[in-house]
Every structure is written in C-alpha cells, then in structure tokens.
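Written below as structure tokens is the structure these notes are about.
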Amino acid sequence: MPPTPTIQPAFNCASLVPDRLKAPVAGAPLPPADADAGQVWGFADAQTGRLDMANGHTSDVVDIVTKCEAAKAEAQTALKPKRKWWWPF
Amino acid sequence: MPAFLIAWGAGALRWGGTPKNWPYIGAGLVILTIIFLVVMVRHDGAVIQRQGVQVVGAKAAATVAKGDAQAATDAAGVVSKGADRDAAIQATGAAHARVLQTTPGHDAPVARSVNDAARRGLCDYAAYANDPTCVQLRKPRP
C-alpha cells in the first residue's frame with residue numbers, strides 16, 4: 001500500500017507581517033547646515049529614537065513569524081495520522 | 001485440457017486419500033488460510049486508511065482555519081503593541097526636543113566646517129542617499 005502523502009497546512013506566516021513593518025524606518029531629518037549645539041543633539045536624539053523603532057519593528061516581525069510557526073506546528077501535530085496501538089500494519 | 005485436469009484431479013484425490021499424506025494436506029490448508037487472512041487484513045487496512053484520510057481531510061480544514069485564526073490574532077496583538085511602542089518613542093523624542101530647546105547654551109554655535117564634515121559623512125549612508133541636501137552635495141560644482 002503506498003504511504004499517504006502528508007499535505008502541509010496552508011499557513012502563510014509572511015502575509016501576517018503588515019507593510020508598515022516591512023518598510024524601512026527613515027533616518028531623522030538632517031539638521032540645517034548652520035545647526036547649533038541644540039539642533040545637533042536633537043538630531044542625535046531623534047536618530048536614536050528611529051533606531052529604537054527599527055529594532056522594535058525587527059523584533060515584531062520575528063515575534064509574528066515565531067508565533068505563526070508555533071500555530072503551524074500545533075496544527076501539523078494535530079493533523080498527523082495516529083497509529084492505533086492494536087493495528088499491526 | 002479438460003482431460004488433463006480430470007486426470008490431475010483424480011491423481012490428487014488418490015494422493016490425498018492416503019492417510020500418510022494428510023499432514024501435508026493439513027499444512028497446505030493452514031498456509032492457504034494464513035495467506036488468505038493476511039490478504040484480507042491488508043485489504044481492510046487499506047479501506048480503513050482511505051476512510052481515515054477522508055476524515056483527516058475534513059478535520060484538516062477546521063484545524064488549519066483554527067491555527068490561521070490564532071496566528072492572525074497573535075499578529076494583530078504584536079502589531080498593536082508595536083504601534084503603541086512607536087508612539088511612545090515619538091512622544092519621548094518630542095519631550096527631549098523641548099528640553100533641548102530650553103536648556104541654556106542650546107544655541108551655542110557649531111563650527112560650519114564641523115557641520116559640513118558631519119553632513120558629508122551622513123550623506124555616505126544609504127539612509128540619506130536621497131536626502132535633498134545630500135543630493136545637492138553630490139552635484140559636481142561648476
């Protein structure tokens with residue numbers, strides 16, 4: 001008897017990632033050419049905020065895909081044919 | 001051909017009619033019975049497996065749909081928390097900017113040469129490749 005082919009559940013984890021998280025985070029606006037000390041440090045602060053945002057987006061994408069993969073694995077386990085203990089073949 | 005079969009059958013009956021051959025006949029019957037049982041069990045197994053596949057097929061859609069819904073709910077939760085985090089980061093940046101603008105000495109000048117060198121450096125990064133001031137910097141001077 002040929003083995004029953006295993007059909008992968010139709011999960012598409014990448015589709016759960018919204019476009020907002022796929023898009024790159026833009027850098028902070030450059031200070032003017034004659035920027036004073038406050039503007040330069042303001043730029044550094046804003047740029048650090050953008051870095052936090054970008055890192056957060058990466059973390060969110062990993063989180064979404066990890067959770068989706070876990071749900072997928074759970075579904076695959078549930079769908080796996082169970083062998084009856086008394087069945088010899 | 002029929003004559004051959006009749007002759008063969010008669011020979012077999014005469015052979016089987018001898019008591020000393022009965023153990024061989026019994027052993028043959030046992031082997032045939034075992035083969036028959038194995039064939040039947042395997043056939044039933046195939047039928048049961050086909051039915052099982054149908055049941056799994058029906059349950060699979062529900063299981064996958066449930067998992068899909070769970071994954072979508074999880075993703076929505078992550079996205080919502082992420083949006084809150086981004087808003088908090090922007091609020092923090094705005095608060096810092098207000099502090100900087102009111103701190104004494106914030107308007108201390110930075111040497112133009114330092115500003116220019118810093119800008120040229122930043123313009124080397126992909127993040128500012130399309131910034132208008134960087135595009136202007138890259139233009140060859142007439």
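Counting, for every residue in A:31-37, the Cβ atoms of other protein chains within 10 Å of its Cβ and taking the mean gives 6.
If one takes the longest principal axis of the Cα atoms in chain A, at what angle in degrees, from 0 to 90 and to the nearest 10, does the Cα axis of helix A:37-79 lie? Rounded to the nearest ten degrees, it is 0.
For the peptides B:33-43, A:74-84, residues were scored by their other Cβ atoms within 10 Å and the scores averaged per peptide; the highest-first order is A:74-84, B:33-43.
Please calculate how many Å² of accessible area chain B carries per residue, with a 1.4 Å probe and no DNA, RNA or ligand atoms counted. List each step's numbers first, then the result.
Details: 10630 Å² over 142 residues.
Result: 75 Å² of accessible area for each residue.
Any idea of the total accessible area buried by the B-A contact, 1.4 Å probe, rounded to 100 Å²? Before the final figure, lay out each step's value.
Values: alone 12380 and 7640 Å², together 16580 Å².
Buried area (both sides, nearest 100 Å²): 3400 Å².
Taking every residue in B:128-137 and counting other chain Cβ atoms within 10 Å of its Cβ, the average works out to 2. Inter-chain neighbour count for B:32-44: the average number of beta-carbon atoms from partner chains within 10 Å of each residue's beta-carbon is 1. Axis of helix B:22-102 versus longest Cα principal axis of chain B: the two differ by about 10°, to the nearest ten degrees. Rounded, prolate or oblate: pick one for the protein assembly as shown, where a ≥ b ≥ c are the square roots of the eigenvalues of its C-alpha gyration tensor, a/c under 1.5 means rounded, and failing that, prolate if a/b is larger than b/c, else oblate. Prolate, because a/c is 1.5 or more and a/b exceeds b/c.
In chain B, what percent of the accessible surface is made up of carbon and sulfur (1.4 Å probe, ligands and nucleic acids excluded)? So the carbon and sulfur contribution to the accessible surface is 69 percent.
Here the spin labels are modelled as points 7 Å beyond Cα on the Cα-Cβ line, and at B:Thr92 and A:Thr48 they lie 0.9 nm apart. For the residue pairs A:Lys22/A:Lys82; A:Lys84/B:Lys66; B:Lys59/B:Lys81; A:Lys80/B:Lys81, the alpha carbons lie more than 30 Å apart in A:Lys22/A:Lys82; B:Lys59/B:Lys81; A:Lys80/B:Lys81.
Helix-only arithmetic for chain A: the sum of -39500 (n - 2.57) across DSSP H runs with n ≥ 4, divided by the residue total, places the mean residue ellipticity at 222 nm at -18500 deg cm²/dmol.
The values are calculated or read from the model by the stated rules, or taken from the named source; none is laboratory data. Please read all numbers here as calculations on a predicted model, not as lab measurements. Note that we place each Cβ from the backbone using ideal geometry, even for glycine, and neighbour counts take in every protein chain shown. Remember, those area values only see protein heavy atoms, side chains included, never the ligands or the DNA or RNA. Shrake-Rupley method; radii C 1.70, N 1.55, O 1.52, S 1.80 Å.
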